[in-house]
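Derivation of every value follows stated rules applied to the coordinates shown; laboratory data play no part. These figures come from a predicted structure and were not determined experimentally. FYI the Cβ positions are ideal-geometry reconstructions off the backbone, even for glycines, and counts take in every protein chain you see.
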Amino acid sequence: MAELEKYIRSVPDFPKAGINFKDITTLLKDAKGFRMALDAMQAEVDGPIDLVVGIESRGFIFGCPLADRLGAGFVPVRKPEKLPAETMQREYELEYGTDRVEIHRDAIMPGQRILLVDDLLATGGTMAAAAHLVEALGGTIVKILFLIELTFLNGREKLEGYPIKSIITYDAE
């Protein structure tokens, strides 16, 4: 995916010194680059999908058009207290502290085939929490799909046992 990588900007020392941030806004603003990213992600989906579940907020950017392309519905996993109806929550660990994500309790029916989508796999905590929520509601995770993976952060370890695909990988900061 070298051609796709050229659309992603690296921003040194953001959000803090020593971090080399992978900025997808340069990809999103380019119609060809964005389409290429969606095409590559869609090509990784085998078989029917009932719902695409995207994590706030960049998972929405890729998840919604993928759902449309796949003829599936879209379900958001959001930060706390953003969803209006009854929710289920899952807490996960951050470098310093914890956070949580939520999903509507009626978002997924038992047995539905789920594609989980986010822009980036770093440490894996957020996606692991989302996967737990999907399974707690009875969904079957068919695949977890990322545009980018920072392999040096070992996020796959928290997602062991799930079928994972990343379109672009970075092996070093």
Using the crude model of +1 on Lys and Arg Cβ and -1 on Asp and Glu Cβ, and no other charge, please compute the dipole size for the chain relative to its Cα centre, in debye to 20. 360 debye
Could you pull out every residue, at least 5 positions away or on a different chain, whose amide H is within less than 5 Å of the one on V53? Hs are placed 1.01 Å off N in the peptide plane, and Pro or chain starts have none. V75, L115, L116, V117
Karplus-derived 3J(HN,Hα), 6.51/-1.76/1.60, for each residue of region 53-67, Hz, glycine and proline x: 10, x, 9, 4, 10, 6, x, 5, 4, 8, x, 5, x, 5, 4
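First check a/c for region 73-154, with a ≥ b ≥ c the square roots of the eigenvalues of its C-alpha gyration tensor; if it is under 1.5, answer rounded, and if not, answer prolate when a/b is larger than b/c or oblate otherwise. Spell out each step's value before the answer.
Details: a/c = 2.09, a/b = 1.27, b/c = 1.64.
Since a/c reaches 1.5 but b/c is at least a/b, the shape of region 73-154 is classed as oblate.
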Taking the alpha-carbon centre of each part, the distance from region 155-173 to region 3-41 in Å is 17 Å
For region 27-98, list log₁₀ I(q)/I(0) at each q in 0.23, 0.26, 0.29 Å⁻¹, using the Debye formula over Cα point scatterers of equal strength and ignoring solvent, two decimals each. -1.04, -1.16, -1.30
Taking the convex hull of the alpha-carbon atoms of the chain and averaging its shadow over every direction gives an area in square nanometres of 9.9 nm²
